[in-house]
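Here's the structure, in structure tokens; my notes come after.
The values are calculated or read from the model by the stated rules, or taken from the named source; none is laboratory data. It should be emphasised that the depicted structure is a prediction, and the values quoted were computed from it without experimental measurement. Here the Cβ positions follow ideal geometry from the backbone for every residue, glycine too, while neighbour counts run over all protein chains shown. When the accessible area is computed, the model is the full protein with side chains, heavy atoms only, and any ligands, DNA or RNA have been set aside. Shrake-Rupley method; radii C 1.70, N 1.55, O 1.52, S 1.80 Å.
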Amino acid sequence: MVSIYKSKAKAVSTPQHPELTIERWDQEAQSIAYHQGKICFVEGALPGERVKVTLIEQKAQYLKGRVSKVLQSSPLRIAPQCRFFGSCGGCQLHYVSADDSRMLKQQALDQQLQHQLKLTELPWQPVLTGQDAGYRRKARIGVWFEKKTNSFTVGFRKAGGKEITEVTDCMVLSPVIAPVLWVLQQTLPLLNQGAAVTHVEVLDADGKAFVVVRHIRPLPQSDQQLLQQAWPAACWIGEAEPEQFSVWSEPTTPSYQLADGLQLNFAPTDFIQVNAVVNKAMVEQAIAWLAPVKTDQILDLYCGIGNFSLALAKHAGMVVGLEGVAAMVTTASQNASFNGLENTHFAQVDLHLPWPKADWNQPQYQKVLLDPARAGALGAIDEVARLKPAQVLYVSCNPTTFARDAKVLLAKGYRLDKLGMMDMFPYTSHLELMALFSHTRQ
């Protein structure tokens, strides 16, 4: 047998700075282009633009890159309003208006869900929006102490990195908590143990500022006093050990108001929706879509501190709230008592595991609401379908896991009646959505 030598084909090297035409956005506000037969996800571009791209990741099936130069711009492109855009990683979309970004996000979401759910038309409802600036009522502020220069950097993580970039002001922070950046930058260098501060969490609780200082060593009382004097309007809280908090200023319980006179109290470290206006509108829309009546028994999954549960209980006969975090279950129960709602029951349950035998785990619910984290409701959605409620309201912060879970409901005899986007985070790639499913019983 004759062996014929053939030289090995040389691998085609991908240019590091290709010029690409952007075709569309995906559901995560990444621009989509194609290069040498591969899909390329591009940061910082708009549909229709011709851009020069710096490739930052090359895989067998896809490429990732970011815009290095706009060669032909979209009419939607605007000058960034934030002077820290590009270095600060907090917002990704300052090169397009909030209104236009919502339009592009919904177009991308519509295309994705039609494809994944095998639906030819989606029942879109108006987008829920609030203020495009000053909307964020909770944030984490990064602090970095450089030993060599004995200096502090206060701000947010850099785009695409872990380093902290200096930010002196932020247009999306609530005016109530926006001073935190200036206060920290001015005060940390004056502290005896300022180098012990690793980061700060700041919260606007209906007009009252709360600051949680995370530090790896105890701060002396003199340091605590300096911080309080620098911002006396804020409630200062320190944490030297995980979940061990000490209040440095006058103790106050944070809370926020919903419709129907509801007040929700919570701990500064509890999860709450960071956009107060959109959260209120979201809860009101959930009530309008589910239209609870006194004969309804409703199951609220991933209920947190009772954000939806209490509002539903104002109209329903009974609301059962399930949550995986024990402390939040306790808070939800306390909030129900505080608001005089006796038609609620809360329990701690790992919703992703097979559900235990319990009084609440019965096919007695006319309506179910679920608001899971980004991982979605894997496992729990099958349990919901088993209970066969007439309606299921799904609130999602991740279109990909929502589509996965929605397919389970559609396969179990549900139809999609309403779908709406909620712009909880203007100028960012994030989006939330709400979907109402009804069972098609024969």
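Which condition from (1) over 21 Å from residue 436 (Cα atoms); (2) part of a loop (DSSP other than H, G, I, E, B); (3) open to solvent by less than 60 Å² (accessible area, probe 1.4 Å) is the one that residue 335 breaks?
(2)
Which of (1) surrounded by 22 or more Cβ atoms within 10 Å (Cβ to Cβ); (2) over 22 Å from residue 293 (Cα atoms); (3) in contact with a strand residue (DSSP E or B) (Cβ under 6 Å, 6 or more places away or on another chain) is the odd one out, the single condition residue 393 does not satisfy?
(2)
If you go through segment 148-167 one residue at a time, how many are of a type outside the set (A, V, I, L, M) and either in contact (Cβ under 8 Å) with a residue 40 or more places away in the chain or not in a loop (DSSP other than H, G, I, E, B) (or both)?
Pass one, segment 148-167, residues of a type outside the set (A, V, I, L, M): 148-153, 155-158, 160-163, 165-166.
This time we only want the ones that are either in contact (Cβ under 8 Å) with a residue 40 or more places away in the chain or not in a loop (DSSP other than H, G, I, E, B) (or both), so: 151-153, 155-158, 160-161, 165-166.
Number satisfying all stated conditions: 11.
Output yes when any residue across segment 280-302 is under 15 Å from residue 335 (Cα atoms), among the aliphatic types (A, V, I, L, M) and within 23 Å of the chain's Cα centre (by Cα), and no when none is.
No.
Considering only strands (runs of 3 or more DSSP E) fully contained in segment 239-314, which possess at least 2 residues that are open to solvent by less than 10 Å² (accessible area, probe 1.4 Å)? Break it down into steps so the answer makes sense when it comes.
Working: elements: 244-247, 255-257, 263-265, 297-301.
Fully inside segment 239-314 and qualifying: 297-301.
Which one of these is open to solvent by 20 Å² or more (accessible area, probe 1.4 Å) and either of a type in the set (Phe, Trp, Tyr) or touching a residue at least 24 places away in the same chain (Cβ under 8 Å) (or both): 429, 438? It would help to see each step written out before you state the result.
Details: 438 fails: open to solvent by 20 Å² or more (accessible area, probe 1.4 Å).
Step by step, each of 429, 438 is checked, and only 429 is open to solvent by 20 Å² or more (accessible area, probe 1.4 Å) and either of a type in the set (Phe, Trp, Tyr) or touching a residue at least 24 places away in the same chain (Cβ under 8 Å) (or both).
Can you find even one residue in segment 63-76 that is within 26 Å of the chain's Cα centre (by Cα) and over 26 Å from residue 423 (Cβ atoms)? Step through it out loud before you land on a result.
Taking segment 63-76 as the starting set, the residues that turn out to be within 26 Å of the chain's Cα centre (by Cα) are 63-67, 76.
Remaining after also requiring over 26 Å from residue 423 (Cβ atoms): 63, 65.
Yes, that holds for at least one residue.
Whether any residue in segment 298-321 is over 25 Å from residue 376 (Cβ atoms), hydroxyl-bearing (Ser, Thr, Tyr) and touching a Ser or Thr at 6+ places or on another chain (Cβ under 8 Å) is what I want to check.
The answer is no; no qualifying residue exists.
Please verify whether segment 140-147 includes one or more residues that are open to solvent by 60 Å² or more (accessible area, probe 1.4 Å), assigned to a strand (DSSP E or B) and of a type in the set (A, V, I, L, M, F, W, C).
Yes, that holds for at least one residue.
Among the listed residues 356, 389, identify the single one that is at pLDDT below 95, more than 30 Å from residue 29 (Cβ to Cβ) and over 20 Å from the mean Cα position of the chain (by Cα).
Among 356, 389, only 356 is at pLDDT below 95, more than 30 Å from residue 29 (Cβ to Cβ) and over 20 Å from the mean Cα position of the chain (by Cα).
Determine whether segment 229-244 contains at least one residue that is touching a helix residue (DSSP H, G or I) at 6+ places or on another chain (Cβ under 6 Å), free of Cβ contacts under 8 Å to residues at least 40 places away in the same chain and farther than 22 Å from residue 340 by Cβ.
So far as segment 229-244 goes, yes, one or more of its residues are touching a helix residue (DSSP H, G or I) at 6+ places or on another chain (Cβ under 6 Å), free of Cβ contacts under 8 Å to residues at least 40 places away in the same chain and farther than 22 Å from residue 340 by Cβ.
One line per residue, one yes/no per condition, for (1) of a type in the set (Ser, Thr, Tyr); (2) surrounded by fewer than 19 Cβ atoms within 10 Å (Cβ to Cβ); (3) touching a Cys at 6+ places or on another chain (Cβ under 6 Å):
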| residue | (1), (2), (3) |
| --- | --- |
| 174 | yes, no, no |
| 180 | no, no, no |
| 186 | no, yes, no |
| 193 | no, yes, no |
| 212 | no, no, no |
| 217 | no, yes, no |
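Any chance you could count how many residues in segment 400-432 are under 16 Å from residue 115 (Cβ atoms) and assigned to a strand (DSSP E or B)?
Residues that pass the stated criteria total 2.
Can you name the residue in segment 338-362 that is closer than 21 Å to residue 262 by Cβ and touching a residue at least 60 places away in the same chain (Cβ under 8 Å) and, of all such residues, is surrounded by the most Cβ atoms within 10 Å (Cβ to Cβ)?
Per the criteria, the residue is 339.
Answer yes or no as to whether residue 379 is touching a residue at least 12 places away in the same chain (Cβ under 8 Å), under 24 Å from the mean Cα position of the chain (by Cα) and at positive phi. Outline the logic, then answer.
On the way: touching a residue at least 12 places away in the same chain (Cβ under 8 Å): yes; under 24 Å from the mean Cα position of the chain (by Cα): yes; at positive phi: yes.
Yes.
Quick grid of which residues meet (1) over 20 Å from residue 98 (Cβ atoms); (2) open to solvent by 80 Å² or more (accessible area, probe 1.4 Å):
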{"site": "38", "(1), (2)": "yes, no"}
{"site": "42", "(1), (2)": "yes, no"}
{"site": "48", "(1), (2)": "no, no"}
{"site": "51", "(1), (2)": "yes, no"}
{"site": "57", "(1), (2)": "yes, no"}
{"site": "63", "(1), (2)": "yes, no"}
{"site": "66", "(1), (2)": "yes, yes"}
{"site": "71", "(1), (2)": "yes, no"}
{"site": "75", "(1), (2)": "no, yes"}
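Is it the case, given these coordinates, that residue 93 is in a loop (DSSP other than H, G, I, E, B), in contact with a Pro (Cβ under 9 Å, 6 or more places away or on another chain), open to solvent by less than 30 Å² (accessible area, probe 1.4 Å) and over 30 Å from residue 225 (Cα atoms)?
yes
Name the one entry in 377, 406 that is open to solvent by less than 30 Å² (accessible area, probe 1.4 Å) and within 18 Å of residue 347 (Cβ to Cβ).
377
Can you tell me which residues in segment 14-36 are open to solvent by 80 Å² or more (accessible area, probe 1.4 Å) and outside any loop (DSSP other than H, G, I, E, B)?
19, 34
Among the listed residues 109, 104, 119, 113, which satisfies the condition of being touching a residue at least 60 places away in the same chain (Cβ under 8 Å), among the hydrophobic types (A, V, I, L, M, F, W, C) and not in a helix (DSSP H, G or I)?
That would be 119, the only listed residue that is touching a residue at least 60 places away in the same chain (Cβ under 8 Å), among the hydrophobic types (A, V, I, L, M, F, W, C) and not in a helix (DSSP H, G or I).
Give all pairs with beta carbons closer than 9 Å in which a residue from segment 57-72 that is of a type in the set (Gly, Ala, Ser) meets a residue that is in a strand (DSSP E or B) and at pLDDT below 90; count only pairs at least 6 apart in sequence or on separate chains.
Here the result reads 65/56; 65/57, each pair linking segment 57-72 to a residue that is in a strand (DSSP E or B) and at pLDDT below 90.
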